[in-house]
Amino acid sequence: MARIAVGGFQHETNTFAPSPADYAAFESGGGWPGLCTGSDIHAAVAGANIPAAGAIEALHAAGHSTVGLVWAAASPSDRVTADAFERIAGAMVERLRAALPVDGVYLDLHGAMVSEAHDDGEGELLRRIRAVVGERVPVVASLDLHANVTRQMFALADALAIYRTYPHVDMAETGARAASLLNHMLAAGRRPAKAFHTFDYLTGIPSQCSFIEPCKSLYALIESLDARHGVTLSFAPGFPMADFAECGMSITGYGANPAVLKPAMDELAGAVVAAEKDFALELLPPVDAIARALQTGAVGLPTVLADTQDNPGAGGNGDTTGLLAALLAMRPPDAVLGMLIDPPAATFAHQIGRGNSAEFSLGAISGVPGIAPVRARFRVEALGDGAFTGSGPFYRNFKLQMGPMAALRSVDAPGVRVVVATTKCQTADQEMFRHVGIEPRLQRIVAVKSSVHFRADFQPIAREVLVVKAPGPALADPAEFAWKKLRRGMRLRPLGPAFA
């Protein structure tokens, strides 16, 4: 059967975020497996909800062999440094060149990477891959739902498969779908017809959740169109935090017959246009969110607060303190916030030891304007080494390495606890609390540093989920960013002002 080259390079770039992604960020992975090469790729991702895992499994099941190139991922942040991009992309290209001949290429990409030198990181990587294998070898890629799909990406890849869920519980499934598209090309000996369409408005990422409208219906429509027309469609709501001309929403489509593909694409495009008004989402200030949570939350059925603007999954560093300060001021019972990414505080907690109290200075490490540390007395309630396995739908089977962790209880507001960790990662799995002895279900208020991915594991235990607008770099309203490169005429929020 065929010999398939497999690689991956994932980064979601918030160009307004405080910290870039250097080579060390990809070496550590930030919740993802660390940078790996060759045959180590399969071992690193096997069994996890990772696109490459699903693709490799599907390719092997079809009888193909795979040759590993490079796989790397880092937590969302500001731009990928030029050094990191060149080292990772360069190694991938050199390993591909050494592996020739290959019959196909599968790439596990994000779709919203901006490097210091390239606004379209994936487009540049695909350009280099295509230069090595030529036009005859099919190249397919899986992409994140938040991909900002560019014209170059669409042109250089023979097919793109994009997640259909947010929270992304279908990452491995999407990798398998990309592998299926590649397998069909190899079997048929030809490439599919393809189509691409972009839109002229941005949406905040909290409103892109596929558990709620309008995305719930849009993704159901995609499933229906695929089944009715025998095509493969994708919708990327985009990542509205990357300041470059092609940031935004898009749809892609692939099929054997262009005449069949076109009406399917037209119906989906019309639905996305009609959904613009439905992408609005209620955002609550911290005080209002906590007050409402006190009315609705109960031990055993907590209200979950999403600290969306400090989401490490969207470029935040997980260290802002607006929601924590409000919790301490309002003194609710049975409340916990996590994870606050604060390596010095985690180290200090381990130094003073379990059961002891001390004055802590929490958060505000990354220098986000207007964010101050919380200085208060806390008791160290539990400690952990940060090594555990994710059990929720999003981080399923991830071998997480969060570094030293601690559960701290406020001395002055004893109903409030905070989980501190060392390694940047969004709070999207209940094991992040359980590792330090806190059972989320048994709280009244659970505050998480996440925008949407937390919903996969936390929404089933919640009475209500509230999206909180506390200060942070991952703005929930795209219109509030200081755009410079976005294409003219793009509406900065649904039915909102256009970028001029």
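The values are calculated or read from the model by the stated rules, or taken from the named source; none is laboratory data. In this text the structure is predicted, and so the values were computed from the model without any measurement. Here the Cβ is made from the backbone with ideal geometry for all residues, glycine too, and neighbour counts use every protein chain on show.
When Val380, Val374, Val368, Val336 are screened for being within 29 Å of Met241 (Cα to Cα) and more than 27 Å from the chain's Cα centre (by Cα), only Val374 passes. In the set (1) modelled with pLDDT under 95; (2) surrounded by fewer than 20 Cβ atoms within 10 Å (Cβ to Cβ), Val368 fails one condition alone, (2). On the stretch given as the stretch 240-284, residues that are among the acidic types (Asp, Glu) and closer than 19 Å to Leu145 by Cα total 4.
The single condition among (1) on the phi < 0 side of the Ramachandran plot; (2) surrounded by fewer than 24 Cβ atoms within 10 Å (Cβ to Cβ) that Ile56 does not meet is (2).
For the stretch 134-239, list the strands (runs of 3 or more DSSP E) that sit wholly inside it and hold at least 1 residues that are within 30 Å of Val448 (Cα to Cα) and under 19 Å from the mean Cα position of the chain (by Cα); which are they? Talk me through it step by step, then tell me what you get.
Numbers: elements: 139-143, 159-162, 193-198, 232-236.
So the answer is 139-143, 159-162, 232-236.
Test Lys424 against the stated conditions and say whether it is surrounded by fewer than 22 Cβ atoms within 10 Å (Cβ to Cβ), among the charged types (D, E, K, R) and outside the structural domain of His11 (by TED's automatic domain parsing). For Lys424, the condition - surrounded by fewer than 22 Cβ atoms within 10 Å (Cβ to Cβ), among the charged types (D, E, K, R) and outside the structural domain of His11 (by TED's automatic domain parsing) - is not met.
To keep it simple, each residue is scored yes or no on (1) touching a strand residue (DSSP E or B) at 6+ places or on another chain (Cβ under 7 Å); (2) surrounded by fewer than 22 Cβ atoms within 10 Å (Cβ to Cβ).
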| site | (1), (2) |
| --- | --- |
| Glu122 | yes, no |
| Ala131 | no, yes |
| Ala147 | yes, no |
| Ala159 | yes, no |
| Ala172 | no, no |
| Gly175 | yes, no |
| Ala195 | yes, yes |
| Ile212 | no, yes |
| Ala220 | no, yes |
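Somewhere in the stretch 461-475, is a residue among the basic types (Lys, Arg) and over 23 Å from Arg331 (Cβ atoms)? No: the stretch 461-475 contains no residue that is among the basic types (Lys, Arg) and over 23 Å from Arg331 (Cβ atoms).
Against the list (1) touching a helix residue (DSSP H, G or I) at 6+ places or on another chain (Cβ under 6 Å); (2) touching a residue at least 60 places away in the same chain (Cβ under 8 Å), the condition Gln152 fails is (2).
The condition of being of a type in the set (Ser, Thr, Tyr) and surrounded by fewer than 22 Cβ atoms within 10 Å (Cβ to Cβ) holds for only one of Ser77, Ser65, that being Ser65. Of the residues making up the stretch 376-405, just one is among the charged types (D, E, K, R), part of a strand (DSSP E or B) and in contact (Cβ under 8 Å) with a residue 60 or more places away in the chain, namely Lys399.
Yes or no: Ala482 over 27 Å from Gly384 (Cβ atoms) and crowded, with 19+ Cβ neighbours inside 10 Å?
no
Considering Ala236, Ala291, Ala242, Ala269, the condition of being among the small types (Gly, Ala, Ser), at negative phi and free of Cβ contacts under 8 Å to residues at least 40 places away in the same chain is satisfied by Ala291 alone.
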